[in-house]
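The values are calculated or read from the model by the stated rules, or taken from the named source; none is laboratory data. What you see is a predicted model; the values in this text were computed from it and never measured. No Cβ is skipped: glycine too gets one built from the backbone with ideal geometry, and neighbour counts run over all protein chains shown.
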Amino acid sequence: MGTVTIGVSIAVPEPHGSLLQQLRTGFGDAAAHGIPTHVTLLPPTEVDGASLPAVEAHLTELAGAGRPFPMRLSGTGTFRPLSPVVYVRVEEGAEACTWLQKQVRDASGPVARELQFPYHPHVTVAHGIDDEAMDRAFAELADYEAEWPCTGFALYEQGPDGVWRKLREFPFGSSVVPPQAGHVERGTIPSR
């Protein structure tokens, strides 16, 4: 089967996902059309195609133990000058995303890997474009707000055409979005 490039992410739902993707395209980011709007849990990672069933089993187990949590995006940030990225900030749900991505990349799992940069949950709205367009993205989305209940995540594969396609969704085991609470139960995704 050969090597495939996979990623795991939380999709930004409609109408927010399409709007942010259109804006990203409008800022001049040519890759935007092939990247569904998302919060990354596992960045692009090459794996042997034969290991996909093990990856899916790992993600199924992780999602089954999870529970929905509130997600809220608010305002913009940037990784410049370290990396040419402007993003919308994950204001609520960042702790849960951080916990999830650690579990996805767990050393005992099929996609154990180190990250190039420390994990910082975000939604990219401009990447690798000229500074003027990056500044425009940063300014135009400074007041952007969106919220939704995160009820799971998905596995994606990057095709030879550079387009990311969803292979499978992994819904969390519980369907109830908890209220904003201060404590975390053992084995569950933090709600804040």
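When F117, F138, F153 are checked against the criterion of being modelled with pLDDT of 95 or more, farther than 14 Å from G7 by Cβ and either touching a His at 6+ places or on another chain (Cβ under 9 Å) or not aliphatic (A, V, I, L, M) (or both), F138 stands alone in meeting it.
Beta carbons closer than 8 Å, at least 6 apart along the sequence or on distinct chains, pair a first residue in segment 147-161 that is among the polar types (S, T, N, Q) with a second that is outside any strand (DSSP E or B) for T151/P68; T151/F172; T151/S175; T151/V177. Quick check: is even one residue across segment 56-79 among the charged types (D, E, K, R), more than 19 Å from P13 (Cα to Cα), within 17 Å of the chain's Cα centre (by Cα) and buried (at least 16 other Cβ atoms within 10 Å of the Cβ)? No: zero hits.
Is there a residue being within 21 Å of L42 (Cβ to Cβ) and surrounded by 19 or more Cβ atoms within 10 Å (Cβ to Cβ) anywhere in segment 128-136? Checked against the condition, which is being within 21 Å of L42 (Cβ to Cβ) and surrounded by 19 or more Cβ atoms within 10 Å (Cβ to Cβ), segment 128-136 yields no hits at all. Look at (1) modelled with pLDDT of 90 or more; (2) over 18 Å from I35 (Cβ atoms) and you find that V177 fails only one, number (1).
Residues that are exposed (fewer than 15 other Cβ atoms within 10 Å of the Cβ), of a type outside the set (S, T, Y) and under 21 Å from T45 (Cβ atoms) within segment 1-19 comprise M1, G2, listed in sequence order. Scanning segment 35-78 for residues that are of a type in the set (D, E, K, R) and not in a helix (DSSP H, G or I), we see that the one that is nearest to T151 (Cα to Cα) is R67.
If we scan segment 93-110, do we find a residue that is assigned to a loop (DSSP other than H, G, I, E, B), over 25 Å from A31 (Cα atoms) and among the aliphatic types (A, V, I, L, M)?
The answer is yes; a qualifying residue exists.
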